[in-house]
Structure formats: C-alpha cells, structure tokens
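Structure first, commentary second.
The values are calculated or read from the model by the stated rules, or taken from the named source; none is laboratory data. The model shown is predicted, which means the values in this text are computed figures rather than measured ones. Glycine also receives a Cβ, built like all others from the backbone with ideal geometry; neighbour counts cover every protein chain displayed.
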Amino acid sequence: MTADQLPQPADGSAPGTGAAPTGKAPTTADLQAEVARTRAELGATLDALSTRLSPAYQANRLKDSTQQAATDAAAFLTGSGLPQDDARRARNAKALLVGAAAVAVTVAIAVARRVRR
C-alpha cells in the first residue's frame with residue numbers, strides 16, 4: 001500500500017506519520033515504549049516458533065498422539081467405540097488399527113512362507 005492509498009487522518013496530518021489518536025505527535029518516551037513492546041512481542045513469537053519447530057517438541061507431540069491413538073484403539077477393541085467428540089483422535093485410532101492389521105498380515109504371510117519351506 002502506498003502513502004496515497006492510506007486513509008486520511010481526520011486532523012489533516014500526513015497519512016502514516018504515526019500521529020497518536022489524540023492528534024498529537026507521539027513523544028520520544030511513547031515511541032520508546034512502543035518499540036520495547038514490539039520487541040517483547042517479536043521475541044515471544046520467535047520463542048514460540050522455535051519451540052514448535054524443535055525436533056524434541058515434534059517427537060514429544062508424536063509420542064503423545066501415538067499413545068492417545070493406542071488408548072483409543074484399545075477402547076474400540078474392548079467395545080467402547082471410537083471417540084465421537086474428536087475426529088482427529090478417531091482417525092488416528094483407525095490408522096493405528098489398520099497399521100497393526102497390515103503388520104499382522106505381513107507377519108502371517110512371512111510365517112506361512114517359512115513353514116512351507
């Protein structure tokens with residue numbers, strides 16, 4: 001957006017000049033306080049991003065999700081059904097059950113081939 005596309009302030013000052021809502025120019029202390037707030041917000045955002053992108057955090061999330069899926073799959077197998085309130089948990093439990101079935105079939109095929117020899 002260029003300066004001529006900015007909305008015009010009611011007090012007639014140039015757009016984008018940082019005029020305070022009262023129409024007075026911000027003081028040096030106001031600007032320094034705003035810079036400090038912005039730096040703190042930026043620092044917090046960077047910390048949150050680096051935490052979310054860290055391999056340890058991702059591994060922990062995967063571990064927790066897998067444990068929850070195993071619990072949900074066990075509940076399904078014992079007759080309690082899949083979680084109705086959380087589609088992601090139900091999907092993860094189904095994926096775990098399908099994966100376990102695929103492993104079981106693969107093992108059964110391998111054992112059958114060994115027995116034939």
Cβ-Cβ under 6 Å pairs, at least 6 apart or on other chains, the range 69-81 side in contact (Cβ under 8 Å) with a residue 12 or more places away in the chain, far side surrounded by 13 or more Cβ atoms within 10 Å (Cβ to Cβ) and part of a loop (DSSP other than H, G, I, E, B): Asp72/Pro83; Phe76/Leu82
Count of residues meeting criterion [closer than 27 Å to Thr51 by Cβ, out of contact with any Pro (no Cβ under 7 Å at 6 or more places or on another chain) and without any contact (Cβ under 8 Å) to a residue 24 or more places away in the chain] in the range 84-117: 4
Residue match in the range 105-116 (condition: exposed (fewer than 11 other Cβ atoms within 10 Å of the Cβ), at pLDDT below 90 and over 23 Å from the mean Cα position of the chain (by Cα)): yes
Filter pass, Gly23 being assigned to a loop (DSSP other than H, G, I, E, B) and not β-branched (Val, Ile, Thr): yes
Unique residue being surrounded by 11 or more Cβ atoms within 10 Å (Cβ to Cβ) and among the charged types (D, E, K, R) when the list is Asp85, Asp72: Asp72
